[in-house]
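Notes follow once the structure below has been shown.
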Amino acid sequence: MGVVMGELRGTHVPVLLERCLELLAPALGLPGAVHVDFTLGLGGHAEAVLERHPDVVLVGLDRDTEALTHSRHRLARFGERVHFVHAVYDELPEVLAGLGLAAFHSGLFDLGVSSLQLDEPDRGFAYSRDAPLDMRMDQSRGITAEEVVNGYEPGELVRILRVYGEEKFAPRVVSAIVRERAKARIVSTAYLAELVKDAIPAAGRRTGGNPAKRTFQALRIEVNAELAAVESAVPAALDLLAPKGRLVVMSYQSLEDRIVKRAFAARARSTGPIELPVELPGTGPSMRLLTRGSELPSEAEVAENPRAASVRLRAVERIDQHDQASGAARERPRMSANGGHGRTRPGARQEGEGH
């Protein structure tokens, strides 16, 4: 579902823009650099990349056709430097193959719901304004939140609210939904938000913002299969990252951040036998963590852009194996008496794995 050029909607303040550009700059400066914006949205981050790095070619993915319409308009002046692709970010291998690209050098994930989707009531993402219960990022396909709320079995609804929304009152919320949907189909965001509010005890409504927030998050994740997409997209992106390439991921809730943390950590540690004094070829880390744990926004950033309040940023760089000893065993760093770093055992915490 697209929009004509006279109907462009939405506003956008890119989250952690300067920090993202700082982290990606070395990769964006590589010869023939290709930058992938996995969540193009309204094009704020992409525009800054293209302006500051005039030799970069950008591949912009988004499942939201309305967002792609915005970005085509915003980035039109960059001409053939931009490839717009209607796709979910876990489709990267097919997207790059279709463009004749074997790898990319710089990439950015800005996960979660976009400014456009939040700002436009008719999309059904916002619990603060009445709209049809839709919540599809791609309105051309898939089930709606209305179908989930009215059609799923109670036990499955409880699981979704508990796992995806971390809603401790999930059974009470689902009981209220089941009771009301037996009378009439639930089709309105405002009606659902009121049901959730009434189902949660008064003590549970005093903190944590709008009591419907967790339920709406859970429904959105289910409708768009967001966690499954992240689980497959991040490893696929790491596989296709060029030597010295960099990837930045911004998450807005703990479930996504946990997936990213594990994917990064798995590539940043050795897989060889821990008892050997040398790193066997092919067993060393393929990624270098660029952030110590997940970076949080500054107070100034949140003051300027309140939607940055919950962001967690992580970044990695692919290690160029040509810079290391090639084809031979490499001596492994040992733990010294003065606190030097040796190899981290699988599962152990290392630098960059905070939070």
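Assorted remarks:
- Legend: calculated FRET efficiency, Arg159 to Glu22, from the Cβ-Cβ distance at R0 = 51 Å, rounded to 0.05, equals 0.80.
- Anchor Lys168: lysines whose Cα lies under 27 Å away (excluding residues fewer than 8 positions away in-chain): Lys183, Lys197, Lys213, Lys261
- In this structure, Tyr191 and His322 have a Cβ-Cβ separation that, at R0 = 51 Å, corresponds to a calculated FRET efficiency of about 0.25.
- Between Asp198 and Ser298, residue separation times 0.36 nm minus the direct Cα-Cα distance comes to 32.5 nm.
- In region 154-186, the trypsin sites (Lys or Arg not before Pro) that fall in loop regions by DSSP, at most 15 other Cβ within 10 Å: Lys168, Lys183, Arg185
- Amide H to amide H, with H built 1.01 Å from N, Val15 comes under 5 Å of no residue 5 or more places away or on another chain.
Computed from the coordinates by the stated procedures, all read-outs in this text should not be read as laboratory data. Being a predicted model, the structure only gives us computed values, none of them experimental. Ideal geometry is used to build each Cβ from the backbone, glycine not excepted, and the neighbour counts take in all protein chains shown.
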